[in-house]
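**Student:** Dropping the structure in here first, questions after.
The values are calculated or read from the model by the stated rules, or taken from the named source; none is laboratory data. Keep in mind that this is a model prediction, so the values were computed, not measured. Counting neighbours? That spans all protein chains shown, and the Cβs are built from the backbone with ideal geometry, glycine included.
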Amino acid sequence: MVFICSLICSHTASAQLSLLNSNGYSGLGMVPSADVIGIGKASLAYENQIPGAVHSGSINDQGFNYNVGFGVMEGLEVTSRIATQDLHCNMFINVNCPVGQMRDFSTSLKYRLPHQWLPFLDKNTNVALGDVDFGGAASYFSSKYAVATHKVGNLQVTLGAGKSSKPDAPLHGGFGGIQWDVNRWSRLSYDQIGKDAWMHTTIYDHPLDSKTDVYVTLNNHLTHSDVTQKSWIGMGVNLPLSEVQENNLGNDETLPFNKKSKRIRLPRIKPFDLQDDLIKQGFYKAKFGVRGDDLILQVDQENFQWNVMDAAGVALGVLASTFGDKPRHFELMVSNRGLDVLSVNGDIGCVKKWLEQNDSCYLDLEVKSALHHPFEWSNVEWSFDSTSQVRPDLVISPTFVNTLGTEYGIFDIDLGANVNPVVRLWNGGYLDLNAIVPMGIRTSNFNQGGAFHSQRLTQQVSREVVHQVIDIPKINTQAMGTAGKIYQNYSGFGFETQTFINQGKVRMDLQGGEFKDQSLGSLTARNKYALASLRYSIDNRYNATTEVQGGKYWLGDKGIIVTERFWYGDTALNFYLQRSRQLDSSYINFAGFQLWIPLTPRANSSFDAVNIRGTNQFTFTADSKIGSTDNKITSNVGVVPKMGDTLIQLSNQDRNSDRYYELRRERLKQAYLDLRVEDRKSWVFD
């Protein structure tokens with residue numbers, strides 16, 4: 001007994017490891033704990049078990065159980081789940097699926113109560129409330145629960161109670177469990193719901209980095225009932241939504257700087273080599289000059305598509321390597337396709353001291369949105385100017401049509417590629433072409449005779465348009481007009497505007513246009529749309545925003561979409577509710593989530609003549625009808641026509657505000673140190 005106690009106490013508790021189980025929440029195997037998935041993390045899990053799967057009077061608990069969960073904000077996790085015994089059978093045809101088959105596409109959430117709400121509890125005790133399977137059409141496993149978890153060293157004890165709204169939902173009545181973190185790569189747990197008990201053994205590791213977990217769980221049912229099988233296997237992975245970490249600040253105006261980081265000596269660049277070094281760092285379009293003693297530099301963001309601050313940080317380092325030996329005022333402007341996006345100004349000598357010695361003088365740098373603070377270009381003597389250079393973008397990115405958790409199948413997809421050349425014509429004007437190339441990678445429902453054959457990808461030139469971007473600085477407004485052909489056959493025009501208020505805290509948008517299907521000849525088939533939206537930034541760090549969009553959509557339905565957006569570095573997670581009135585006056589409601597991911601190199605100085613890259617906003621969407629008894633696909637609601645990169649994408653993915661930039665000055669240095677194309681001989685580390 002003394003040996004066991006010393007073994008338990010000798011190991012420090014392992015880092016928080018969130019295990020998503022087959023019931024759609026993080027916890028101890030079968031029961032939830034009061035812990036949640038860490039903020040900014042995604043958790044994916046699979047088990048070949050569907051606990052409580054009783055359908056049409058038959059028990060069939062072996063199957064496919066997929067979960068994806070997100071740590072949305074402090075204390076809140078949201079999980080989407082798909083459970084079925086058959087991945088492919090068509091549930092609209094009675095004889096197509098074996099007796100007892102079910103398919104469930106649902107959402108669950110868990111919220112850990114803040115400690116300040118429960119001051120009487122020990123700091124090692126957490127309390128959470130949860131709702132299981134509250135979305136989707138079927139809600140086979142719907143339950144609500146309250147749970148408390150207490151930690152002592154490597155032991156974790158959980159107690160809770162649940163109330164189910166369906167008779168076969170496994171989480172009901174009292175439940176509890178105990179977990180032991182045996183060492184840094186394994187844990188054991190025992191949990192019980194009513195009279196049913198289970199034992200779980202988990203092995204886990206961090207094969208890529210300390211922020212990524214991979215685990216396998218062996219589950220054993222210790223009692224005899226039909227809730228689960230006797231034994232089954234689970235597996236999963238936890239990973240951060242973004243590799244870029246931003247300092248987590250409150251309302252402090254003072255940003256921390258790391259005095260313990262390695263100090264460097266910047267390379268020395270001679271003034272007449274400045275343009276060559278900018279080109280080496282990916283700034284093919286740049287201009288440099290002086291106004292009196294002030295240094296003026298403008299660069300294009302084209303090779304730094306994740307975040308405009310990456311381009312600014314690398315350009316600052318080059319400028320400091322050239323002119324940082326003595327104090328001198330500088331002004332830096334970063335632009336993107338004719339829009340001035342970000343401005344930085346201050347003392348270039350300070351920048352060099354900051355980069356080399358971690359000097360705190362960088363707090364005096366002014367980092368602002370150029371959309372709100374137009375730059376005065378008069379009286380500048382330019383040494384060189386390559387901003388009008390024609391260097392096309394060739395954007396190659398995946399495109400797909402997918403369905404998720406429908407009665408036709410669990411997951412159907414048709415995969416292809418977007419090949420998108422973009423060529424500058426004049427200042428703010430550019431030609432945008434896009435071809436869709438099917439790759440032949442598809443599930444059977446997209447083949448001839450399949451349920452989604454009509455929605456399959458086809459070889460086509462889907463977009464032939466010209467864009468013109470206009471900046472109206474007096475009213476903090478940008479506009480973009482588009483004319484040409486979209487969706488292969490529709491010719492016409494469209495426009496969008498964005499207006500920033502309160503230094504970016506509020507954004508107002510207008511969109512509209514009219515296109516005619518030319519393939520119909522003399523028949524009238526015009527698609528008109530007119531939309532307005534309002535976005536408000538909730539927190540002081542611009543990490544969370546609320547957006548409401550409404551009006552008439554592309555296919556004639558009228559409705560409203562409410563989106564809650566959360567940023568994790570350069571990845572955004574959106575949750576939305578949508579309500580549309582269709583042309584037959586019926587209403588349809590959707591709920592879903594969407595991921596925005598920069599699917600391109602963070603820094604890309606590819607070729608002199610052309611910039612080959614991926615998209616700065618790859619979008620994956622999963623949604624389900626709500627308030628309906630089926631998940632039939634309805635793709636004709638809430639559609640905004642795709643005409644290329646939007647103003648939001650051009651203006652730093654809707655993160656263009658003074659406060660956003662001011663709170664992330666540290667990223668300028670991090671970008672230079674991480675992304676600079678190095679000449680190894682010129683670096684000296686202390």
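**Student:** Out of all the residues in region 494-502, is one or more among the small types (G, A, S) and within 25 Å of I470 (Cα to Cα)? Reasoning before the result, please.
**Tutor:** If we filter region 494-502 for residues that are among the small types (G, A, S), which is where we start, we get 494.
Checking the rest, the ones that are also within 25 Å of I470 (Cα to Cα) come to 494.
Within region 494-502 (the criterion being among the small types (G, A, S) and within 25 Å of I470 (Cα to Cα)), the answer is yes, since at least one residue qualifies.
**Student:** Is it the case that A603 is buried (at least 18 other Cβ atoms within 10 Å of the Cβ), modelled with pLDDT of 85 or more and of a type in the set (A, V, I, L, M)? Give the derivation first.
**Tutor:** Details: buried (at least 18 other Cβ atoms within 10 Å of the Cβ): yes; modelled with pLDDT of 85 or more: yes; of a type in the set (A, V, I, L, M): yes.
Considered against the rule, which asks whether it is buried (at least 18 other Cβ atoms within 10 Å of the Cβ), modelled with pLDDT of 85 or more and of a type in the set (A, V, I, L, M), A603 comes out as yes.
**Student:** Still on this structure, I have one more. Those residues that are of a type in the set (F, W, Y) and surrounded by 17 or more Cβ atoms within 10 Å (Cβ to Cβ), I need them from region 557-600; list them, please.
**Tutor:** To start, the set of residues in region 557-600 that are of a type in the set (F, W, Y) comprises 566-568, 575-576, 587, 590, 593, 596.
Within region 557-600, F566, W567, Y568, F575, Y576, F590, F593, W596 qualify.
**Student:** If you don't mind, there's one more thing I want to ask. Please go through region 210-224 and give me each residue that is under 19 Å from L44 (Cβ atoms) and part of a strand (DSSP E or B), ordered by number.
**Tutor:** Within region 210-224, the subset under 19 Å from L44 (Cβ atoms) is 210-219.
Residues satisfying the conditions are D213, V214, Y215, V216, T217, L218, N219.
**Student:** Follow-up. Specify which of the listed residues (G176, G160) is in contact with a Phe, Trp or Tyr (Cβ under 8 Å, 6 or more places away or on another chain), surrounded by 15 or more Cβ atoms within 10 Å (Cβ to Cβ) and either in contact (Cβ under 8 Å) with a residue 24 or more places away in the chain or part of a loop (DSSP other than H, G, I, E, B) (or both). Reasoning before the result, please.
**Tutor:** On the way: G176 fails: in contact with a Phe, Trp or Tyr (Cβ under 8 Å, 6 or more places away or on another chain).
Within the list G176, G160, the selection yields G160.
**Student:** Check whether at least one residue in region 325-338 is touching a Leu at 6+ places or on another chain (Cβ under 6 Å) and in contact (Cβ under 8 Å) with a residue 60 or more places away in the chain, and report yes or no.
**Tutor:** Yes, region 325-338 has at least one match.
**Student:** Any idea which of (1) closer than 30 Å to M91 by Cβ; (2) at pLDDT below 90; (3) of a type in the set (V, I, T) is the one I475 doesn't satisfy?
**Tutor:** (1)
**Student:** Which residue is nearest to A417 (Cα to Cα), if the candidates are limited to region 460-489 and must be in contact (Cβ under 8 Å) with a residue 60 or more places away in the chain and of a type in the set (V, I, T)?
**Tutor:** I486
**Student:** Sticking with this structure for a sec: Listed residues T202, T223, T212; which is at pLDDT 95 or above and more than 22 Å from E331 (Cα to Cα)?
**Tutor:** Values: T223 fails: at pLDDT 95 or above; T212 fails: at pLDDT 95 or above.
One residue alone meets the criteria, T202.
**Student:** Mind checking which residues of region 68-112 are outside any strand (DSSP E or B) and closer than 19 Å to F134 by Cβ?
**Tutor:** At the first step, the residues of region 68-112 found to be outside any strand (DSSP E or B) are 74-75, 85-102.
Across region 68-112, the qualifying residues are G75, M102.
**Student:** Exactly one condition in (1) free of Cβ contacts under 8 Å to residues at least 60 places away in the same chain; (2) buried (at least 20 other Cβ atoms within 10 Å of the Cβ); (3) more than 20 Å from V639 (Cβ to Cβ) is not met by G440; state its number.
**Tutor:** If we test G440 against (1) free of Cβ contacts under 8 Å to residues at least 60 places away in the same chain; (2) buried (at least 20 other Cβ atoms within 10 Å of the Cβ); (3) more than 20 Å from V639 (Cβ to Cβ), just (2) comes out false.
**Student:** Something else now. Among the residues of region 376-410, which ones are within 21 Å of the chain's Cα centre (by Cα) and more than 20 Å from Q301 (Cα to Cα)? Spell out the reasoning first.
**Tutor:** Initially, region 376-410 is screened for residues within 21 Å of the chain's Cα centre (by Cα), giving 395-404.
Answer for region 376-410, where residues must be within 21 Å of the chain's Cα centre (by Cα) and more than 20 Å from Q301 (Cα to Cα): P398, T399, F400, V401, N402, T403, L404.
**Student:** Do you know which of the residues in region 328-341 that are in contact with a helix residue (DSSP H, G or I) (Cβ under 8 Å, 6 or more places away or on another chain) and modelled with pLDDT of 95 or more is nearest to W426 (Cα to Cα)?
**Tutor:** So the first thing to find is which residues in region 328-341 are in contact with a helix residue (DSSP H, G or I) (Cβ under 8 Å, 6 or more places away or on another chain), and the list is 328-330, 332, 334, 336-337, 339, 341.
Subset that is modelled with pLDDT of 95 or more: 328-330, 332, 334.
Values: R328: 33, H329: 31, F330: 28, L332: 22, V334: 18 Å.
Residue satisfying both the conditions and the ranking: V334.
**Student:** Only residues in region 278-299 that are farther than 11 Å from V334 by Cβ and of a type in the set (S, T, N, Q) count as the first member; pair them with residues that are at pLDDT 95 or above and crowded, with 19+ Cβ neighbours inside 10 Å, Cβ under 7 angstrom, at least 6 apart or cross-chain, and list the lot.
**Tutor:** Partner pairs satisfying both residue conditions: Q281/V314; Q281/V318.
**Student:** Out of everything in region 76-128 that is exposed (fewer than 14 other Cβ atoms within 10 Å of the Cβ) and touching a residue at least 12 places away in the same chain (Cβ under 8 Å), what residue ends up being farthest from S444 (Cα to Cα)?
**Tutor:** That would be D122.
**Student:** In this structure, does V182 turn out to be aliphatic (A, V, I, L, M), over 30 Å from the mean Cα position of the chain (by Cα), part of a strand (DSSP E or B) and surrounded by 16 or more Cβ atoms within 10 Å (Cβ to Cβ)? Before you say what the answer is, go through the steps one by one.
**Tutor:** Numbers: aliphatic (A, V, I, L, M): yes; over 30 Å from the mean Cα position of the chain (by Cα): yes; part of a strand (DSSP E or B): yes; surrounded by 16 or more Cβ atoms within 10 Å (Cβ to Cβ): yes.
Judged against the criteria, V182 is a match.
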